[in-house]
Each structure stands twice: as C-alpha cells, then as structure tokens.
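Below is one structure, written out as structure tokens, with a few remarks after it.
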Amino acid sequence: MSAGRPAVFLDRDGTMSEERGFIDRLELLEIFPWTTDAVRLLNRAGFAVVVVTNQSAIGRGIIDEPFLQTVHDAIDRHLARAGARVDRYYFCPHHPEAKLSAYRAVCRCRKPEPGMLEQATRELGLDPARSFMVGDRLIDVACGHAAGVRSLLVRSGHSAHSGDAPPGLSNPDAILNNLMEAVGWILRSSSLSPAR
Ligand SMILES: [Mg+2]
Ligand SMILES: [Zn+2]
C-alpha cells in the first residue's frame, strides 16, 4: 500500500470563480478575490491542487477544447502573479445529449461520477483518504464521496441561490461560505503535518 499525496479537488465555476453559466468569452471569467490566497495556502500545506470541471459546453458545441485551455491558462496566469498554482486540470467534455457526436456519451467523468478524481488519483499518485473535494453543487459533493474523499459545499455559486438538496445525493461534510473558508476548514481538519 502506497501513501500517496493528499489533494484538494476544486470545482471551477462557482467555487474558484463566479458562476456565469457557460464561459464562452474570456471576459466572463471572474476569479473570486480570495481564490489566489486559498490556492497558495493549499500549495504551501503540501496538497496537490486539482481542478475538476464539467465542460459539456464542449460537447454542446458552445466552446472548443483550445478555448477551454485559454481559460485555464488565464486562471494560471492570475494565480501565478501571487505565487499560487494549480497542479492539473481535468475536464469532462461529454454530455449524454451532446450536439457533437464525438462527445455524446454517458461517461464516468461527468460529475457526479467520480472518473476525474479517479484518473487524477492514478496519474498523480494521490491519497483519497487524506484528500478533499470543494464545490458549489451537490453533484460535486456526491462526486467527491464516490471517490472516497471528504467533500465540502461552498455557498459562493449555485448553492447560494438554489434551494433544497435533490434527494439521494450525499450530504456535505461541511458547508462554508466560500473557498477561503473551506481551505481553513481543510487545514484545521487535515492530519497533514505543516509544510516544512
Ligand atoms: Mg460549480
Ligand atoms: Zn465525461
């Protein structure tokens, strides 16, 4: 049994940045003011920071993969200005009714399915038992729990203005106002020793 690295899996829209529906123009990307500090705290504490995002906009033909890369490059530049870093981005381009047949699939990567977390765990050598998921929707929580990681709901996106939980999805381990509060919770409840 190998002791992998702990990770924090982050949903993108509504968690790192404003929930704006499909981000199909770079101007729509508005990263929350606390995101950089939150990510840097995770970097320094020794967590792998892994973004996991459903991007059915690709399958729907609203954006293409190069544009998604452009958005993630913009996030990286923003974070890098203050010394923060995402280790890897994973995205699911699929949708069961995608307009583009290449992306029309019932897949294992579209949250709440845990495929992206499982792939990241394999590829980056992560330890789910010491890892966390943070997202603004209950599909994020369900996805995290399906992958065996503790999962936090933040109120900065969908859950800020949506009502009751759909039945059958798992309850979050905690509900926080935003990513910075979630990172505080993670650092307090993590058994990880402080970064040297
Ligand atoms: Mg979201
Ligand atoms: Zn997928």
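In the full protein context, the chain carries 48 Å² of accessible surface per residue, based on a 1.4 Å probe and ignoring ligands, DNA and RNA.
As a length-normalised measure over Cα pairs under 8 Å and 6 or more apart, the relative contact order of the range 1-48 settles at 44 percent. Length, then width, then depth: along the principal axes, the Cα atoms of the range 1-102 run 42, 40, 20 Å. Relative contact order, whole percent, for the range 30-184 stands at 19, derived from Cα pairs under 8 Å and 6 or more residues apart. Beta bridges assigned by DSSP with both partners in the chain are antiparallel in approximately 5 percent of cases.
With θ taken as phi - 60° and the Karplus curve 6.51 cos²θ - 1.76 cosθ + 1.60 applied, the whole-hertz 3J(HN,Hα) list for the range 118-127 is 5, 5, 4, 4, 5, 6, 9, x, 9, 10 Hz, x standing for glycine and proline. Given axes a ≥ b ≥ c from the Cα gyration tensor, I'd like to know whether the chain is rounded (a/c under 1.5), prolate (a/b larger than b/c) or oblate. The shape class here is rounded.
Computed over protein heavy atoms with a 1.4 Å probe, the carbon and sulfur contribution to the accessible area of the chain reaches 50%. For the chain, the 222 nm mean residue ellipticity estimated from helices alone, with every DSSP H stretch of n ≥ 4 adding -39500 (n - 2.57) and the total spread over all residues, rounds to -9500 deg cm²/dmol.
Note on the chain: with charges restricted to the Cβ of Lys and Arg (+1) and Asp and Glu (-1), its dipole about the Cα centre is near 500 debye. Extension gain, ALA74 to ARG44: 0.36 nm times the residue separation minus the Cα-Cα distance gives 8.6 nm.
The values are calculated or read from the model by the stated rules, or taken from the named source; none is laboratory data. Because the structure is predicted, anything quoted here is derived from the model rather than measured. Virtual Cβ from ideal backbone geometry, glycine too; neighbours counted across all protein chains shown. Ligands, DNA and RNA are stripped out before the accessible areas are found, and what is left, the full protein with its side chains, is counted by its heavy atoms. Shrake-Rupley method; radii C 1.70, N 1.55, O 1.52, S 1.80 Å.
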